[in-house]
Amino acid sequence: MANALSILKDVFGYGAFRGPQADIVDHVVAGGDALVLMPTGGGKSLCYQIPALARQQAGHGITIVVSPLIALMHDQVGALHELGVEAAFLNSTLSMEEANAVERKMMRGELTMVYAAPERITTPRFLDLLDTLQAKGQLSLFAIDEAHCVSQWGHDFRPEYRALALLHERYAGVPRIALTATADGTTRADIVQHLQLQEARQFVSSFDRPNIRYAIEEKKDASLQLLRFIEREHAGEAGIVYCQSRKRVEEVAAMLCKEGMDALPYHAGLDPEVRQRHQDRFLREEGVVMTATIAFGMGIDKPDVRFVAHLDLPKNIEGYYQETGRAGRDGLPSDAWMAYGLQDVVNQRRMIDESPAPDEFKQVLRGKLDALLALAEATDCRRVRLLGYFGEPSQPCGNCDNCLQPPAVWDGTEAARMLLSTIYRVQQANNLHFGAGHVMDILRGKVTDKVKQFGHESLSTFGIGAHFSEQQLRGVLRQLIATGALAVDASAFNTLHLTAGSRAVLKGEQPVQLRESISQPAGRARRERGSGKSAPSAAAASLTADGQERFAALKAWRTGVAKQHNLPAYVIFHDATLAAIAALDPKSLGELEGVSGIGAAKLDKYGPGVLDALQALA
Ligand code: ADP
Ligand code: ZN
């Protein structure tokens, strides 16, 4: 273990292992199989990279890293090169000669790690290479990243991942470490089964991401709300905005650009080259807002994503947590913000109803959606609910919207009963079903053409809910639909139907609690941690004025170096490392040594440049 710790310090420049990392590394270095469940940003990469280095030093040879995304391998390997580690990738972006050169290095024992996608690893050609290495005792370890891809319950099912069971069958003596940030039980069981990891030790970390602030607000004008949120909390910072459809992605990106933001669209309908270009810009430049469908994000390890916004409701909590988890990998304050409304509930329910999946499958999907809806409707701590969903008990967090500004709650039971009985009555009177707008018009006593046409002024509930605003009633309807006390028939103009669950509400047995609609966006809590365009970045917030100046100079230096190396800036140094240097104001290489994030290779390569950049200021 002393060796692993010295690798952590010398190569990565970090002083100590985090959480369960030490145990995992220990177990894998000794040749054990492991299944690692750790939230995004928890530090999974080190869990296989350090064993790869330690086992190679001990003469076990090469580590094969299974990575699902060809588009990211270049940067993953580039980051290792920056640390002075011999690594390479094998994928279709390489020419035949380049690929051959990598294979030769592999066979000569010159590489510590090779990254490849599962499709390649299971080809006869690649397996031949592995056979040869195995025969020489030079096949050290398999690391299977994003292991949830093996599960159809996850959100990124990749059938090719299932073929990886072959690694165990063919190379039984070679240890394997599978890693994922997806925690729920079904997915976990699938990973164990399909990768044959029954014997592997499981390491399950806390899934809490304390630096992420969760907020879910009622959707009114979603685009405007998003704009306000970004302007208020994250002007000039990098973030991801998730939307459900390609069209919406394009619209929102255009809207943000029109407002002067550096926003780019990303979805499966764009040309692969355009997608790659946008992804590169997001990774390499500062302050880009990626507007995307869920096609974007897996494997993105940009540490300084300061916010993740959802303009549409995801399908389930796993998806929501995975997507929001892309914020704040560097541990600095970040936001997960969502706008959510009646239409979201209707859309998600409809997508399940209309999907061709078998009924039991739909039942699972409905259960998962219900859990997410309960989170969205919640008036208590969001984090307690999120962690509870993953089986982790916790206390109110003090860092979510409901904790920071406990919502005023109003009793919507009366309104709910009026709505349900109106729906009941129109159904009785005409044997017809109507949509939300008409039902609310009746209750609020509006004499519309439709009301006249069907004679609905004569219903006993006509006008009895005039004291409720349309927004209040909409909120009640949303919650009734979210909790299943009311159904929407999407195949018939979104008409409303009573359900088995309506009875308890109608009879007043089940109270309906709603948050008071907040007409002003909640920006109060944020001001303490700085806001607005001139605010210092999250990393530099605690620096003095001189420190800020040094930080800015270091960032400018880093931009140049990153360009030169064709790598994202954070691969050179993280913001947090630059901030630590700026605070220290070192005058010599000796002083730089020991700053978190500066290992031996980076000290050699960049130490003099850093000192020069600071010198130039003095
Ligand atoms: P994950 O893959 O779990 O999302 P990463 O492996 O990308 O997380 O690690 C997240 C960040 O934390 C990275 O920037 C990494 O360098 C940093 N990190 C990981 N382990 C440590 C540690 N022991 N000390 C300091 N920083 C660490
Ligand atoms: Zn909370």
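The values are calculated or read from the model by the stated rules, or taken from the named source; none is laboratory data. Bear in mind that the values here come from a model prediction, so they are computed numbers and not experimental data. For neighbour counting, all protein chains shown are included, and Cβ atoms are generated from backbone atoms with ideal geometry for every residue, glycine included. In case anyone asks, the SASA skips ligands and DNA or RNA and just uses the protein heavy atoms, side chains included. Shrake-Rupley method; radii C 1.70, N 1.55, O 1.52, S 1.80 Å.
Okay, here's what the table says:
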read-out: Fully extended contour minus Cα-Cα distance, from Cys257 to Ala16, at 0.36 nm per residue; value: 82.5 nm
read-out: Accessible-area ranking of Met255, Met73, largest first, probe 1.4 Å; value: Met255, Met73
read-out: Virtual paramagnetic centre 7 Å along Cα→Cβ of Glu98, amide N under 20 Å, in the stretch 113-138; value: 113-121, 126
read-out: Net charge, Glu414 excluded, C-beta distance under 15 Å - Lys, Arg +1, Asp, Glu -1; value: +1
read-out: Mean accessible surface per residue for the stretch 2-204, computed with a 1.4 Å probe while every protein chain stays in place, in Å²; value: 38
read-out: Residues in the stretch 219-245 that a label on Glu354 would reach, taking backbone N under 15 Å of a point 7 Å out along Cα→Cβ; value: 244-245
read-out: The stretch 212-406 - accessible surface per residue (Å², probe 1.4 Å); value: 38
read-out: Dipole in debye (nearest 20) - the chain, about Cα centre, beta carbon charges: Lys, Arg +1; Asp, Glu -1; value: 880
read-out: DSSP-defined beta bridges in the chain - what % are antiparallel, rounded to 5; value: 15
read-out: Ranked by how many other beta carbons lie within 10 Å on average, peptides 3-13, 306-316 from highest; value: 306-316, 3-13
read-out: Whole-Hz ³J(HN,Hα) from phi, Karplus 6.51 cos²θ - 1.76 cosθ + 1.60, for the stretch 414-421, glycine and proline x; value: 4, 4, 5, 5, 4, 5, 5, 6
read-out: Those trypsin sites (Lys or Arg not before Pro) in the stretch 64-108 that DSSP places in a loop and that have at most 13 other beta carbons within 10 Å; value: Arg108
read-out: Contact order relative to length of the stretch 212-406, as percent, for alpha carbon pairs under 8 angstrom and 6 or more apart; value: 26
read-out: Contact order relative to length of the chain, as percent, for alpha carbon pairs under 8 angstrom and 6 or more apart; value: 14
read-out: In nm, spacing of pseudo-spin labels at Glu392 and Asp585 (7 Å Cα→C-beta vector); value: 4.0
read-out: For Ser206, solvent-accessible area (1.4 Å; no DNA, RNA or ligand), Å²; value: 60
read-out: Net lengthening on full extension, Gln276/Lys450 (0.36 nm per residue, minus Cα-Cα); value: 57.5 nm
read-out: Subset of Lys105/Lys136; Lys9/Lys602; Lys302/Lys563; Lys446/Lys507 violating a 18 Å alpha-carbon distance limit; value: Lys446/Lys507
read-out: Among Thr180, Cys257, Leu133 - extreme Cα towards positive end, dipole of the stretch 130-267, charges at beta-carbon; value: Leu133
read-out: Low-density loop positions, trypsin sites (Lys or Arg not before Pro), the stretch 112-201 - DSSP coil, at most 13 other Cβ in 10 Å; value: Lys136
read-out: Accessible carbon and sulfur surface of the chain relative to its total accessible area, %, 1.4 Å; value: 51
read-out: Point-to-point label distance, Thr499-Val204, nm (Cα→Cβ direction, 7 Å offset); value: 2.9
read-out: Net charge contributed by nearby residues that have their C-beta within less than 14 Å of Asp380 (K/R +1, D/E -1); value: +2
read-out: Average accessible surface area per residue within the stretch 410-515, 1.4 Å rolling probe, Å²; value: 47
read-out: Gain in span if fully extended, Glu110 to Ala600, counting 0.36 nm per residue against the direct Cα distance; value: 174.4 nm
read-out: In the stretch 416-521, GluC sites (Glu not before Pro) in a DSSP loop with at most 10 other beta-carbon atoms within 10 Å; value: Glu509
read-out: Calculated FRET value between Glu549 and Lys247, using beta carbons and R₀ = 51 Å, to 0.05; value: 0.70
read-out: Charged-residue dipole, Cβ positions (Lys, Arg, Asp, Glu), the stretch 232-355 about Cα centre, Debye nearest 20; value: 180
read-out: Over the stretch 246-294, relative contact order from alpha-carbon pairs under 8 Å, at least 6 apart, %; value: 46
read-out: Using a Förster distance of 51 Å, the FRET efficiency for Lys563-Ala492 (Cβ separation, nearest 0.05); value: 0.35
read-out: Dipole-positive endmost among Val488, Phe307, Ser469 within the chain (Cβ charges, Cα centre); value: Ser469
